[in-house]
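The values are calculated or read from the model by the stated rules, or taken from the named source; none is laboratory data. Fair warning: this is a prediction, and the values are worked out from it, not measured in the lab. When we count neighbours, we look across all protein chains shown, and the Cβ atoms used for this are built from the backbone with ideal geometry, even at glycine.
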Amino acid sequence: MTRRKLAAGNWKMNGTTADLSEIDALASAQPDPTAEVLICPPATLLAAMSAATQGTAIATGGQDCHAQGSGAHTGDISAAMLKDAGASYVILGHSERRADHGETDADVRAKATAAIGAGLGAIVCVGETLAQREAETTLDVIGTQLAGSIPDGVTGDTVVIAYEPVWAIGTGLTPTLAQIGEVHDFIRAELTKRFGDTGGAIRLLYGGSVKPANAAEIFATSNVDGALVGGASLKAAEFSAIIDAANAA
């Protein structure tokens with residue numbers, strides 16, 4: 001089954017209006033990419049970035065959403081609000097949200113249900129800590145997160161899974177290609193077991209210190225359909241090089 005590569009950038013809590021110039025540079029560098037290109041900026045930049053990317057190959061997304069559509073939730077943003085601001089995707093269950101805000105698999109599942117209901121693609125993140133990797137419980141942890149975080153009835157058009165080993169995010173450490181392949185093959189098997197043929201259409205991204213220097217070999221790894229990129233997505237030149245690798249994969 002052919003799955004279009006997805007290069008997704010997560011700006012996290014970085015960026016102001018001045019940084020939108022990087023988006024202009026990226027659009028110029030990638031006028032017609034083979035891969036799908038996505039940037040998820042902080043919420044303060046989403047509407048402006050969505051406007052700036054009109055007519056380009058770059059889509060925009062949010063970094064989180066609330067499970068409810070509206071209400072007394074000061075500081076939160078609903079999936080419909082993200083959609084209204086121009087988003088086509090939202091990242092959910094990132095390890096930083098799970099760690100910093102205590103998000104559970106059930107929380108992520110509820111948010112994913114809300115995102116899909118609002119017409120957004122849900123990028124659901126899973127990943128193990130260093131202690132879990134060293135205890136050789138990685139696949140058990142991933143299996144539990146998948147079962148608890150992904151709603152029933154999803155399709156390849158409504159959900160993307162991002163495997164991000166917590167110990168590799170922003171550390172410069174990267175699992176071996178064999179380790180990445182093992183987890184991605186396991187995720188594919190779990191999705192196929194649960195969703196049948198649909199499980200073969202769901203894209204699997206790798207995230208965790210993805211750089212221009214290692215992107216091509218990561219994209220060539222079994223069941224890797226793209227990347228969720230942190231720091232390297234902040235600069236057009238670096239992210240464009242990663243997109244080039246996705247285009248060629």
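List pairs: first in segment 132-154 and closer than 16 Å to T192 by Cα, second among the charged types (D, E, K, R) and in a loop (DSSP other than H, G, I, E, B), Cβ under 9 Å, 6+ apart or cross-chain?
That search, which allows pairs on different chains as well, returns L139/E128; I142/E128; Q145/E128.
Scan segment 171-182 and report the pairs whose first residue is touching a residue at least 40 places away in the same chain (Cβ under 8 Å) and whose second residue is buried (at least 18 other Cβ atoms within 10 Å of the Cβ) and among the hydrophobic types (A, V, I, L, M, F, W, C), with Cβ atoms within less than 6 Å and a gap of 6+ or a chain change.
Taking only residues 6 or more apart or on different chains, the pairs are T174/A168.
Tally time: how many residues in segment 84-108 are under 24 Å from G207 (Cα atoms) and either in a helix (DSSP H, G or I) or of a type in the set (F, W, Y) (or both)?
So the count comes out to 12.
Kindly provide the set of residues from segment 53-112 that are surrounded by fewer than 18 Cβ atoms within 10 Å (Cβ to Cβ), among the hydroxyl-bearing types (S, T, Y) and closer than 30 Å to A25 by Cα, ordered by number.
Matches in segment 53-112: T56, S88.
For segment 135-144, state whether one or more residues are more than 21 Å from Q179 (Cα to Cα), of a type in the set (A, V, I, L, M) and either touching a strand residue (DSSP E or B) at 6+ places or on another chain (Cβ under 9 Å) or surrounded by fewer than 18 Cβ atoms within 10 Å (Cβ to Cβ) (or both). Steps first, please.
If we filter segment 135-144 for residues that are more than 21 Å from Q179 (Cα to Cα), which is where we start, we get none.
For segment 135-144, residues more than 21 Å from Q179 (Cα to Cα), of a type in the set (A, V, I, L, M) and either touching a strand residue (DSSP E or B) at 6+ places or on another chain (Cβ under 9 Å) or surrounded by fewer than 18 Cβ atoms within 10 Å (Cβ to Cβ) (or both): absent.
When you scan segment 125-199 for helices (runs of 4 or more DSSP H) that lie fully inside it, which ones turn up with 3 or more residues that are more than 25 Å from S209 (Cα to Cα)? Steps first, please.
On the way: elements: 130-134, 138-149, 177-195.
In segment 125-199, 177-195 are the helices (runs of 4 or more DSSP H) which contain 3 or more residues that are more than 25 Å from S209 (Cα to Cα).
Can you name every residue in segment 184-198 that is surrounded by 18 or more Cβ atoms within 10 Å (Cβ to Cβ) and under 19 Å from the mean Cα position of the chain (by Cα)? Walk me through how you get there before you give the answer.
Residues of segment 184-198 surrounded by 18 or more Cβ atoms within 10 Å (Cβ to Cβ): 184, 187-188, 190-191, 195.
Within segment 184-198, H184, I187, R188, E190, L191 meet the criteria.
Under 7 Å by Cβ, and 6 or more places apart or on different chains, what pairs join a residue from segment 199-211 that is touching a residue at least 60 places away in the same chain (Cβ under 8 Å) and within 18 Å of P151 (Cα to Cα) with one that is of a type in the set (A, V, I, L, M) and part of a loop (DSSP other than H, G, I, E, B)?
G200/M1; A201/M1
Checking L92 against (1) over 12 Å from W11 (Cα atoms); (2) among the aliphatic types (A, V, I, L, M); (3) in contact (Cβ under 8 Å) with a residue 60 or more places away in the chain, only one condition comes out false. Which one?
Failing condition for L92: (3).
Being more than 13 Å from the chain's Cα centre (by Cα) and among the aliphatic types (A, V, I, L, M) is the filter; apply it to segment 106-123 and report the residue that is farthest from L146 (Cα to Cα).
Top of the filtered list is A118.
Under 27 Å from A87 (Cα atoms) and modelled with pLDDT of 95 or more: does that describe G117?
Values: under 27 Å from A87 (Cα atoms): yes; modelled with pLDDT of 95 or more: yes.
For G117, the condition - under 27 Å from A87 (Cα atoms) and modelled with pLDDT of 95 or more - is met.
Go through segment 156-183 and count every residue that is within 17 Å of the chain's Cα centre (by Cα) and loosely packed, with under 15 Cβ neighbours inside 10 Å.
Qualifying residue count, segment 156-183: 2.
Looking at segment 1-27, which of the residues that are assigned to a helix (DSSP H, G or I) and free of Cβ contacts under 8 Å to residues at least 12 places away in the same chain is surrounded by the fewest Cβ atoms within 10 Å (Cβ to Cβ)? Spell out how you get there, then give the answer.
Looking only at segment 1-27, we keep the residues that are assigned to a helix (DSSP H, G or I), and these are 17-27.
Adding the requirement that they be free of Cβ contacts under 8 Å to residues at least 12 places away in the same chain leaves 18, 21.
Working: A18: 7, S21: 11.
This residue is A18.
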